[in-house]
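Below is one structure, written out as structure tokens; the observations come after it.
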Amino acid sequence: MKKWLYAVGILCMVATLLTGCQTGSKSAAEEKKLIAPTSPEWLYTHGPWKQVNEPEWGDVMKGWMNSTDRPQFGRRASIETDSPFAILKQRPIGGTVTILVDGKPAVEQLMSAKTQEIPIYSGSTGWHKIEVVFSAHSEIDGLYISQDAKVRQPEHNQKKLVVIGHSYIDGTGSSNRGLTSITPVLGDILGVESINQGIGRTDVDVSVPASAKNSGLDRVQTDIIQLKPDYVLSVYGFNARGMTPEQFQADYVTYLKTIQDALPATSVFASGMVSVPSLSKESELTYNAAIKNACASVSNCTFIDLAGKWNEGNYDQYLSNDGVHPNDAGYRFLAEEYAKVMSGVIKK
């Protein structure tokens with residue numbers, strides 16, 4: 001009898017080593033569960049998102065530009081959990097992901113070709129809010145947490161600011177479009193949900209290529225009005241210099257009146273021209289006046305004059321190596337200049 005029990009014990013020990021089933025313990029992979037990106041507990045903010053099926057990964061959520069039906073910069077996602085650990089499931093989409101826990105940066109990781117999981121924290125207690133920010137395009141593939149942990153959608157009651165314009169708004173030249181370009185910096189200063197609706201090389205009446213229909217006039221319904229923002233910042237003019245100032249001004253008026261008619265309670269801010277070495281003083285003054293006049297034609301528009309803010313004395317400080325687009329310091333400077341004017345209107 002003893003020999004039989006001994007033999008059974010040996011067999012059980014072997015089975016335990018091979019499968020882990022005898023003791024009831026599970027591997028880390030077995031202990032965690034996946035919160036899918038389509039789960040309703042996720043809060044998707046800072047612009048539209050779209051469910052997309054990726055081969056070998058299944059359904060993911062991507063930050064989206066609805067008018068052009070393509071991925072867009074600056075979108076954010078957050079979720080709350082009481083799990084003792086959290087691991088982001090992440091496809092290697094390039095760029096850097098920054099993960100904040102309870103409002104504080106916890107992880108910053110480059111997404112290489114080998115990226116599949118990114119540990120966020122472990123050995124923790126209580127509820128935590130996890131917010132995910134991307135340096136380029138945004139994509140959520142899921143979150144691993146403890147099997148018995150709970151999740152919930154964070155509360156969110158911030159007002160919305162749509163920032164629309166050319167490459168200064170899409171963040172070209174910044175080190176991290178999700179954190180250091182105009183839109184996120186301005187949103188942080190004003191305490192609002194800021195939405196990056198920038199497309200490079202375009203203008204209020206200029207599409208690139210022309211067949212793309214991605215000018216401000218083409219996108220005003222889908223990328224501004226349908227989002228029902230509380231505020232709009234429009235940054236256009238630089239790429240319209242091939243048109244006459246008169247035509248540019250008339251098109252800008254049409255664009256602003258379209259917003260006003262659809263969103264009469266929304267405050268609109270029109271940025272004046274930003275000086276760069278390649279922009280002649282004559283063009284700067286001419287198109288600056290056209291924007292100012294267009295803004296004055298509608299009741300809900302405030303003009304933000306940037307004339308003289310940048311010049312030969314500070315180009316090196318505020319411009320990136322291409323001499324046209326701002327660096328991080330330049331984007332912060334512009335965001336602070338916009339905020340000086342916008343905060344006065346917002347507080348009212």
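The values are calculated or read from the model by the stated rules, or taken from the named source; none is laboratory data. The model shown is predicted, which means the values in this text are computed figures rather than measured ones. Cβ: placed from backbone, ideal geometry, glycine included. Neighbour counts: every protein chain shown.
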Which of the strands (runs of 3 or more DSSP E) found entirely inside the range 104-164 contain at least 1 residues meeting this: modelled with pLDDT of 95 or more and touching a helix residue (DSSP H, G or I) at 6+ places or on another chain (Cβ under 9 Å)?
128-134, 143-146
Pairing a residue in the range 175-195 that is modelled with pLDDT of 95 or more with any residue that is among the small types (Gly, Ala, Ser) and in a strand (DSSP E or B), where Cβ atoms lie under 7 Å and the two sit 6 or more apart in sequence or on different chains, gives Thr183/Ser194; Pro184/Ser194; Leu186/Ser194; Gly187/Ser194
Among the residues that make up the range 265-276, is at least one of them more than 14 Å from Val232 (Cβ to Cβ) and over 25 Å from the mean Cα position of the chain (by Cα)?
yes
Could you say whether any residue in the range 251-274 is farther than 22 Å from Ser174 by Cα and modelled with pLDDT under 95?
no
Return the only residue of Gly216, Gly187, Gly198 being closer than 20 Å to Gly272 by Cβ, small (Gly, Ala, Ser) and under 14 Å from the mean Cα position of the chain (by Cα).
Gly198
Looking at the range 55-75, which of its residues are over 16 Å from Leu227 (Cβ atoms) and without any contact (Cβ under 8 Å) to a residue 60 or more places away in the chain?
Pro55, Glu56, Gly58, Asp59, Arg70
Would a scan of the range 152-173 turn up a residue that is among the acidic types (Asp, Glu) and out of contact with any strand residue (DSSP E or B) (no Cβ under 7 Å at 6 or more places or on another chain)?
yes
Taking the stated definitions as given, is Asp148 among the acidic types (Asp, Glu), assigned by TED's automatic domain parsing to the domain that holds Tyr255 and either surrounded by fewer than 19 Cβ atoms within 10 Å (Cβ to Cβ) or in contact with a strand residue (DSSP E or B) (Cβ under 8 Å, 6 or more places away or on another chain) (or both)?
no
So, Tyr144, is that one over 22 Å from Gln72 (Cα atoms) and not acidic (Asp, Glu) or not?
yes
Return a yes/no flag: does the range 13-21 have any residue that is at pLDDT 95 or above, part of a loop (DSSP other than H, G, I, E, B) and either surrounded by 11 or more Cβ atoms within 10 Å (Cβ to Cβ) or in contact with a Ser or Thr (Cβ under 6 Å, 6 or more places away or on another chain) (or both).
no
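Could you run through the range 215-242 and say how many residues are part of a loop (DSSP other than H, G, I, E, B) and buried (at least 22 other Cβ atoms within 10 Å of the Cβ)? Outline the logic, then answer.
First pass over the range 215-242, keeping only residues part of a loop (DSSP other than H, G, I, E, B): 215, 228-230, 236-237, 241-242.
Add one more test, that the residue is buried (at least 22 other Cβ atoms within 10 Å of the Cβ), and what stays is 215, 229, 236-237.
Within the range 215-242, residues that are part of a loop (DSSP other than H, G, I, E, B) and buried (at least 22 other Cβ atoms within 10 Å of the Cβ) number 4.
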Of the residues in the range 285-336 that are touching a strand residue (DSSP E or B) at 6+ places or on another chain (Cβ under 7 Å) and polar (S, T, N, Q), the one that is nearest to Gly171 (Cα to Cα) is Asn327
